[in-house]
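Nothing in this text is a laboratory measurement; each read-out follows from the coordinates by a stated rule. Every value quoted in this text rests on a predicted model; they were computed, and no experiment measured them. Cβ atoms come from the backbone with ideal geometry, glycine included; neighbour counts cover every protein chain shown.
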There are 2 protein chains.
Amino acid sequence: MADKKACLISIVGTGRVAWNLGRALTAKGYAIQEVSGRNSENIRLLAAKLNARPVDKPSKLNPLCDLFILAVNDDAIEDVSAKLPENKGVVVHTSGMKPISSLKGKFAHAGVFYPLQTFSFDRQANFENIPILLQAGNRDNLLFLENIAGSLSRNLVHTNDTQRQSIHLAAVFVNNFTNALYGIADDILKDKELSIKILYPLILETANKILDHSPFEAQTGPARRKDIGTIETHLKLLADSEEKSNIYKLFTDYILNKYHPENNG
Amino acid sequence: MADKKACLISIVGTGRVAWNLGRALTAKGYAIQEVSGRNSENIRLLAAKLNARPVDKPSKLNPLCDLFILAVNDDAIEDVSAKLPENKGVVVHTSGMKPISSLKGKFAHAGVFYPLQTFSFDRQANFENIPILLQAGNRDNLLFLENIAGSLSRNLVHTNDTQRQSIHLAAVFVNNFTNALYGIADDILKDKELSIKILYPLILETANKILDHSPFEAQTGPARRKDIGTIETHLKLLADSEEKSNIYKLFTDYILNKYHPENNG
């Protein structure tokens, strides 16, 4: 499929992944033919953005499409895929967790197209470095997906269900839980009428440091150096929040066990 | 003290803060006169780097110095400050946690000079955006410290002991604990013979996203959308590590409570 214009793509879903992937594909010269989903207003908005035709139900999508991208919630994949028209294209989901077998319906070619990134509605992602995890039932379909993914990103990865799930789990730790830590820091500072902005340089350096240090090397702080005095003072400052104290203690024990295992057992 | 060359500075300590601060001051035209610390080889190395005189004991430092920077471990501040020669300079520590009153000895002017960043030996920090938290006993000394700090950074902050401690605590959450999360993700991936490198774009975007979204807005993931199926699958993947499971559960409960408080109690 050398000719991008000749490749007909439909997108089901109107969330963050659909918006970012749709705009990225359009920017690379792909014509998104149709957009469908659950909510007709959201379908209309994304279709307008992509110069595509809004289709109010996935069952009414053009069956001649070459690629159906189901950028829907994990729980909806099975249901939505079963509702697609009978087709000879490739049907992919964009989930980190769901097995390829969760795609069910009257089509021959299932695949996975999982861009490993956190997406926002108001920030168009630059896909160039985003790992795209690909999976397909045969070599031809994998090449077809590689061709499209490769026009977006230089970072294509072939994974099976199990590997992809572990990568998704690891992603939850570095993204979702890290963001929750930012939230806790924000709360601590707001209590003193201070702004999280004071932490921006530290947050950026923490992320950048990991690009050339292992997490084990990069670790610093009171638990790393077994500074019990500071740990006790911190726990006093957290005394009014059991939730924050528990998170503090769990991490402190985790780091102490890693760097000072002589204290164990 | 408009003339940088006329300002005599001594540094006590040879750790990451001493190296980064010493090199930054030198690069801005300050002459570091003397370096002292605990370990003579480390003193020699840093002194050579800064074109300063190595002094084997803090008690032997030139008492005519204008500024003594104690870049030493929190637990050593009281002891080291007490050993300084009687002097009329300003003696500062660089700690996020210790009160200004932990500086004790035969000198009139105590202060705090706390650069809020994680430092490495092998990466010279660019101080330009690093918040430097300043504290002093009187207005003249504060102006003196501002003058020096302001030549390094555009981000000077006046804090008292309590504010600085809360900022330090918040910093532990966004730096030390975030880094521990990177370590857990690294372990999960290594178990499947995968590399943490696949997470670099996500790690960087997680940090960058917080510069223009509140942590509350930026939160995504299974707990955010109450995707119990994914949470259960993740916990199965973590079944062989109680430590990781506990951290996973605590964060998941924390996020669920925040975004789905109807489940409480």
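Summarise the partner chain shielding of B:215-228 as one whole number: the mean count of Cβ atoms from other chains within 10 Å of each residue's Cβ. Walk me through the numbers on the way to the answer.
Details: counts 11, 5, 3, 9, 7, 8, 9, 7, 4, 3, 3, 0, 4, 1.
Across B:215-228, the average partner-chain Cβ count within 10 Å equals 5.
Taking the label point as lying 7 angstrom from Cα along the Cα-to-Cβ axis, what are the distances from A:ARG154 to the corresponding position in the remaining copies, in ascending order and in nanometres?
Counterpart label points of A:ARG154 in the remaining copies fall at 3.1 nm.
Could you work out how far helix A:16-27 tilts from the main Cα principal axis of chain A, as a 0 to 90 degree angle to the nearest 10?
Long axis of A:16-27 versus the principal axis of chain A: about 60 degrees.
Could you tell me how many degrees, from 0 to 90 and to the nearest 10, lie between the Cα long axis of helix B:228-237 and the main elongation axis, the longest principal axis, of the Cα atoms of chain B?
70
Magnitude of the Cβ-charge dipole of region B:118-227, K/R +1 and D/E -1, about the Cα centre, nearest 20 debye?
About 200 debye.
Given an 8 Å cut-off on Cα distances and at least 6 residues of separation, report the relative contact order of chain A as a percent.
11
Taking the Cα centre of region B:165-263 as the origin, how large is its charge dipole in debye, to the nearest 20, when only Lys and Arg (+1) and Asp and Glu (-1) carry charge on their Cβ atoms?
Values: 11 positive and 14 negative charges, 33 e Å.
Dipole about the Cα centre, nearest 20: 160 debye.
Taking the C-alpha atoms of the protein assembly as shown, how large are the radius of gyration and the largest Cα-Cα span, Dmax, in Å?
Spelled out, the Cα radius of gyration and Dmax of the protein assembly as shown are 27.3, 88 Å.
Starting from a label point 7 Å past Cα on the Cβ side, list the distances from B:SER214 to the same position in the other copies, nm, shortest first.
4.0
With an 8 Å cut-off on Cα pairs and a minimum separation of 6 or more residues, tell me the relative contact order of region B:165-263 in percent.
18
Could you identify the residue of B sitting closest to the B-A rotation axis by Cβ and state that distance rounded to whole angstrom?
B:ALA207, 2
Work out from phi, with θ = phi - 60° and the Karplus expression 6.51 cos²θ - 1.76 cosθ + 1.60, the ³J(HN,Hα) of each residue of region A:253-258, listed in order in whole Hz, and give x for Gly and Pro.
With the stated coefficients, region A:253-258 comes to 5, 4, 6, 4, 4, 6 Hz.
Can you list, shortest first in nanometers, how far B:ALA27 lies from the same residue in the other copies, with each label 7 Å from Cα toward Cβ?
Here the equivalent label points are 3.2 nm apart from this one.
Taking the Cα atoms only, what angle lies between the long axis of helix B:178-191 and the longest principal axis of chain B, rounded to 10 degrees?
That helix lies at roughly 50 degrees to the long axis.
In a shell of Cβ-Cβ distance under 12 Å around B:ILE247, excluding B:ILE247 itself, what net charge do Lys and Arg (+1) and Asp and Glu (-1) give?
With Lys, Arg at +1 and Asp, Glu at -1, the neighbours total -2.
Just to confirm the filter: which GluC sites (Glu not before Pro) across region A:184-265 are DSSP coil and have at most 16 other Cβ within 10 angstrom of their Cβ?
Numbers: sites: A:GLU193, A:GLU205, A:GLU217, A:GLU232, A:GLU242, A:GLU243, A:GLU262; in loops: A:GLU193.
For GluC sites (Glu not before Pro) across region A:184-265 that sit outside H, G, I, E and B with at most 16 neighbouring Cβ atoms in 10 Å, the list reads A:GLU193.
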